[in-house]
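Reviewing the structure listed below.
The values are calculated or read from the model by the stated rules, or taken from the named source; none is laboratory data. No experiment lies behind these values; they were computed from the predicted model shown. A quick note on method: Cβ atoms are made from the backbone with ideal geometry, for glycine too, and the neighbour counts reach across all protein chains shown. Note: accessible area is taken over every heavy atom of the protein model, side chains too, but ligands, DNA and RNA are not part of it. Shrake-Rupley method; radii C 1.70, N 1.55, O 1.52, S 1.80 Å.
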Amino acid sequence: MADWRTRPINDPVRLGSYPASDVIFLLKDLSEVKLEKSLDARERAIQSGTHYSEMLPEEKQPTAAYLELYQETLKQSAEKVALAVGITAELILHRKGPDTVLVSLARAGTPVGILIKRYVEDIHQHVLPHYSISIIRGKGIDENALFYILQKHPGAKLQFVDGWTGKGAIRKVLTEACQKLEQEHGIKLDDELAVLADPGHCTDMFGTREDFLIPSACLNSTVSGLMSRTVLREDLIGPYDFHGSKFYKDWLDQDLSNHFIAEIAPLFGGIVEQAQRGANEFLANPPEVTWKGLHDIEAIQSEYHIPDINLIKPGVGETTRVLLRRVPWKILVDRLDNPNIRHIRLLAEARDVPVEVYPGLTYSCCGIIKSVKGDAE
């Protein structure tokens, strides 16, 4: 096998609505390719065996109700998000040092990676390179993107970044990908995933384990640099290409990606001491990685006779996404008066989806996708 150091990888093209100083997307531009399927058609295809990365949901501009939800959530949680960013950034700096390269997992990780980068620049005056790359459940990580980063930054330490954890599926894909890279190419990477919220208890680098709605979970591409989910299809992605994505440049006038960053970043100065205290507490008493969330999900799968564990989407962020872009069957909540699920109850009511209390749930809530095969009827 050819040495990865000399692998002829195609250079990245300029993508997304963020400044290049905030992030470089290592993704192939598929903007002109028709990849979208309707909600029902995509759900049927996924549950019939088509991999979700081979097509895209029909992404619509957010309605007035969703924009209101975003603004309200942002208003309520901006300081909580800023503190979680600060704690996570302090942990990264302590463990990896100033020669770290941030590698966010597109697309939910992208705004989080930008915020961590901004915090480190604003508070510590270190400029960390930041790339956003694709990782796909069932397919793995974009190795060409990693080779590109390692060629550009020899000897640097990589820190993978995502928004939050659910069942920990992406963390497991990341671990498997890092093991494969070491076995096949002798590349040793740290598979620890840094996230703002870890309600699934599957990493020890996080800002909080509270399951709350990070506002960027509300709006899909319009808060993620106008980038689609990532795509991996053999007829579209060549051997030296990055995984693909679409850039919805026609939506620039609707874009809130930079607005989200601009609302959070100015708060960093006020949370530094608290963030450093929080990080020091985690360093002095390392949190356990118990995968408690996954155990809960396995119990729910058994109890409700769900045919595929991937139909269960735990956590406020994932449940919000189920209600926004999937076909939901039922929503489970830890308790009805949890302030973190007010919008979940409103969205569920609007779509006529039943909400059921599941006492003792690790997460604030879980969304269960309807089985089109009738198994969860």
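Label the chain by shape, choosing from rounded, prolate and oblate, from the square roots a ≥ b ≥ c of the eigenvalues of the Cα gyration tensor; if a/c is under 1.5 it is rounded, and otherwise prolate applies when a/b is larger than b/c, oblate when it is not.
rounded
Answer with one residue from Asn338, Ala20, Ala78: the one whose Cα lies farthest towards the positive end of the charge dipole of the chain, charges on Cβ with Lys, Arg +1 and Asp, Glu -1.
Result: Ala20, furthest along the dipole toward the positive end.
Taking square-rooted eigenvalues a ≥ b ≥ c of the alpha carbon gyration tensor, is the stretch 118-183 rounded, prolate or oblate, where a/c under 1.5 means rounded and, failing that, a/b exceeding b/c means prolate?
Since a/c reaches 1.5 but b/c is at least a/b, the shape of the stretch 118-183 is classed as oblate.
Give, rounded to the nearest 20 debye, the magnitude of the charge dipole that the stretch 162-250 has about its Cα centre when Lys and Arg contribute +1 at Cβ and Asp and Glu contribute -1 at Cβ.
280
Need the full-extension length gain, His94 to Lys180, defined as separation in residues times 0.36 nm minus the C-alpha distance. One decimal, nm.
28.3 nm
Report, in deg cm²/dmol and to the nearest 500, the calculated mean residue ellipticity at 222 nm for the chain, where each DSSP H run with n ≥ 4 adds -39500 (n - 2.57) and the sum is divided by the residue count.
Calculated mean residue ellipticity at 222 nm is -12000 deg cm²/dmol.
Order these peptides, 228-237, 315-324, 122-131, by their mean beta-carbon neighbour count within 10 angstrom, highest first.
Going by the mean number of other Cβ atoms within 10 Å, highest first, we get 315-324, 228-237, 122-131.
Leaving out ligands, DNA and RNA, what percent of the accessible area of the chain is carbon and sulfur, probe 1.4 Å?
With neighbouring chains kept in place, the figure for the chain is 48 percent.
Using only the heavy atoms of the protein chains and a 1.4 Å probe, how would Tyr363, Tyr240 rank by accessible area, largest first?
Descending order: Tyr240, Tyr363.
Roughly how many Å² is the accessible area per residue of the chain, as a whole number, for a 1.4 Å probe?
For the chain, the per-residue accessible area is 42 Å².
Using a ≥ b ≥ c from the Cα gyration tensor of the stretch 252-349 (square roots of the eigenvalues), is it rounded, prolate or oblate, where a/c under 1.5 gives rounded and otherwise the larger of a/b and b/c decides, a/b for prolate?
oblate
Can you give the % of DSSP beta bridges in the chain that are antiparallel, to the nearest 5?
If we restrict to bridges inside the chain, about 35 percent are antiparallel.
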